[in-house]
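The block underneath contains the structure these notes are about, expressed in structure tokens.
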Amino acid sequence: MRIKSPIKARPEPKGRIGNGGIAVHTDNMKPVLGKYALAEVPRYTSYPTAVQFSKDVGAADYRRWLSQMAPDEPLSLYVHIPFCQKMCWYCGCHTTIAHTYDRVGAYAKYLMAEMDLLAAALPDHHAGLAHVHFGGGSPTMLDDEDFTALCAKIRSIFGSLPNMELAVEIDPRTMSAHKAKALAKAGVTRASLGVQDFNLHVQEKINRIQPFAMVKQTVEWLRAKGIDAINFDLIYGLPGQRIEDVRRSTELAISLRPDRLAVFGYAHVPWFKKHQEMIRQEDLPGMEERYGEACEVGRVLEGAGYVAVGFDHYAHPEDDMAKAVSAGTLRRNFQGYTTDTAGILLGLGASSIGALGPGYVQNAPSLDQWRKAISAGQLPIVRGVVLQGEDAMRRAAIMQIMSTMKLDLDAHTHAFNAAPEALDDALEKLRVLAADGLINIQGKKITVTAQGRMFVRNIAACFDTHWQASAKRHSRAV
Ligand code: SF4
């Protein structure tokens, strides 16, 4: 079914580019699902992953890494806003409910102070920002004045490259025409809307009532103000959700012509996220249903001409992300797949993570601890990890296979001046996945099959020398 939309947007997608499509759910997949879908594997938004972060890395390391930064290296900035209006029961984010604006406003002032601390630690830097991402939580909890002031300060401290992307995650329930105008005036170029599912019976079970009309209105407000790049997040595996629900949600999403869609599987971890206890285990779809839902979203999106990007994103063929797939420049960072090619990612706000050449650093997740460090004039870093030994080579292998769905092990080891057999341990593990139809191996060239795309995290894990299958620290593959 095609649903026509009167909204000004990109034309309906035509043709097919990218690196191949998503699998179709068949009975043949049953044994594969049983073996791989329940495996808890990292999402590889970094390598080593956050599980390997330790207190041994702190603010002094961060200062040293910043001082070694090349002055012409473009930067990327992530700003975390850990506040929401209401808790969604499925939420896995680092957020808290703000009942009054005081807490949010005070947080914005601390962000300003953190920027000053970061500015003092940066060497003379001339390149500027290529990409800024406000995530959360709900960045649209910030009032117009604070958001505008933060954006102005970001530009004045870090500078901006001519085509800087300024992306903001949006909770449609917090939007108004006025806010859309303020976002546009502050320079926002991309809006990422949390959509999840359009069906009321599912929305009731996840404590997020958000009718289609509300999302449509938000998209119209944004586009009317010139914010044309629209992303949607959809979720499968939600309580009470069936295949026909994800099909309907996907079709309704397509009718609004988003440029990109991220499709996530709900991770039920009530022992880690207490509010998820509000979701009844018996309401959750089983493993096969989850897989069927994920395949259905892909089938509907690809049928409408969207390009599969990695294992959980889709893009309009004219969107930069689809072009990055074809050009082999697609990357991964903490938001998932990205077109951002800046070599350095700085983090601002509680729990945010920075990625620099030598390793990763993370700010204090605790609001209290984060504020105390800033008040004391210290960068609020509490942990991180230094890349060692083969980490850089294995990181590049993981990121490449997750982005392009292929890897030439000989070319890869050669590029890193490593011995030709340096990744043979991974190759041995990969042979098992090849026997299960998830990859093809020719010599030392690996290609992910359509069936394997959704299990590319399991494939990437073959290169990971830190991961422990039984660590219970990651979400399941599907
Ligand atoms: S709006 Fe997003 S971050 Fe906030 S509670 Fe809901 S899912 Fe979590």
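The values are calculated or read from the model by the stated rules, or taken from the named source; none is laboratory data. Note that the structure is a prediction, hence the values are computed from the model and not measured. With ideal geometry, Cβ positions are generated from the backbone for all residues, glycine too; neighbour counts draw on all protein chains shown.
The table for this structure:
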quantity: Candidates 355, 327, 350 - the one that is surrounded by fewer than 19 Cβ atoms within 10 Å (Cβ to Cβ) and farther than 15 Å from residue 259 by Cβ; calculated: 327
quantity: Those helices (runs of 4 or more DSSP H) lying entirely in region 373-437 with at least 3 residues touching a Phe, Trp or Tyr at 6+ places or on another chain (Cβ under 6 Å) and of a type outside the set (D, E, K, R); calculated: 391-404
quantity: Single residue of 411, 397, 415 found to be under 15 Å from residue 49 (Cα atoms) and of a type outside the set (D, E, K, R); calculated: 397
quantity: Among (1) in contact with an Asp or Glu (Cβ under 7 Å, 6 or more places away or on another chain); (2) more than 16 Å from the ligand (Cβ to nearest atom); (3) not in a helix (DSSP H, G or I), the one test that residue 247 misses; calculated: (3)
quantity: Residue list for region 52-66, restricted to those being touching a helix residue (DSSP H, G or I) at 6+ places or on another chain (Cβ under 9 Å) and closer than 11 Å to residue 382 by Cβ; calculated: 59, 62
quantity: Given (1) touching an Asp or Glu at 6+ places or on another chain (Cβ under 6 Å); (2) buried (at least 16 other Cβ atoms within 10 Å of the Cβ), index of the condition residue 445 fails; calculated: (2)
quantity: Hey, residue 392 under 30 Å from residue 445 (Cβ atoms) and aliphatic (A, V, I, L, M) or not; calculated: yes
quantity: Which numbered condition residue 414 fails, given (1) modelled with pLDDT under 95; (2) surrounded by fewer than 19 Cβ atoms within 10 Å (Cβ to Cβ); calculated: (1)
quantity: Filtered residue count, region 352-370, keeping only those that are under 15 Å from residue 79 (Cα atoms) and touching a helix residue (DSSP H, G or I) at 6+ places or on another chain (Cβ under 8 Å); calculated: 8
quantity: Inter-residue pairs, beta-carbon under 7 Å, first of a type in the set (Ser, Thr, Tyr) and in region 188-213, second within 12 Å of the ligand (Cβ to nearest atom) and at pLDDT 95 or above, 6+ apart; calculated: 192/169; 192/170; 192/233
quantity: Considering residues of region 280-289 that are touching a helix residue (DSSP H, G or I) at 6+ places or on another chain (Cβ under 9 Å) and at pLDDT 95 or above only, the residue surrounded by the fewest Cβ atoms within 10 Å (Cβ to Cβ); calculated: 280
quantity: Output for region 96-128, where each listed residue is aromatic (Phe, Trp, Tyr), farther than 20 Å from residue 373 by Cα and crowded, with 18+ Cβ neighbours inside 10 Å; calculated: none
quantity: Matching residues, region 178-223, being within 16 Å of the ligand (Cβ to nearest atom) and of a type in the set (Gly, Ala, Ser); calculated: 191, 192, 194
quantity: Pair list, Cβ < 8 Å and 6+ apart or interchain, from region 61-77 residues that are within 26 Å of residue 162 (Cα to Cα) to residues that are among the hydroxyl-bearing types (Ser, Thr, Tyr); calculated: 74/341
quantity: Residue check, residue 283 within 18 Å of residue 190 (Cβ to Cβ) and in contact (Cβ under 8 Å) with a residue 24 or more places away in the chain; calculated: no
quantity: Helices (runs of 4 or more DSSP H) wholly inside region 29-130 that include at least 2 residues being within 16 Å of the ligand (Cβ to nearest atom); calculated: 101-121
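Quick grid of which residues meet (1) assigned by TED's automatic domain parsing to the domain that holds residue 106; (2) of a type outside the set (Val, Ile, Thr); (3) more than 27 Å from residue 328 (Cβ to Cβ):
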| residue | (1), (2), (3) |
| --- | --- |
| 377 | no, yes, yes |
| 412 | no, yes, no |
| 423 | no, yes, no |
| 428 | no, yes, no |
| 435 | no, yes, yes |
| 440 | no, yes, no |
| 446 | no, no, no |
| 463 | no, yes, no |
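Residue-by-condition table, conditions (1) within 16 Å of the ligand (Cβ to nearest atom); (2) closer than 16 Å to residue 227 by Cα:
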{"residue": "138", "(1), (2)": "yes, no"}
{"residue": "146", "(1), (2)": "no, no"}
{"residue": "160", "(1), (2)": "no, no"}
{"residue": "165", "(1), (2)": "no, yes"}
{"residue": "168", "(1), (2)": "yes, yes"}
{"residue": "176", "(1), (2)": "no, yes"}
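Conditions tested, residue by residue: (1) under 22 Å from residue 367 (Cα atoms); (2) surrounded by 19 or more Cβ atoms within 10 Å (Cβ to Cβ); (3) under 24 Å from the mean Cα position of the chain (by Cα); (4) modelled with pLDDT under 95.
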{"position": "139", "(1), (2), (3), (4)": "yes, yes, yes, no"}
{"position": "153", "(1), (2), (3), (4)": "yes, no, no, no"}
{"position": "192", "(1), (2), (3), (4)": "no, yes, yes, no"}
{"position": "204", "(1), (2), (3), (4)": "no, no, no, no"}
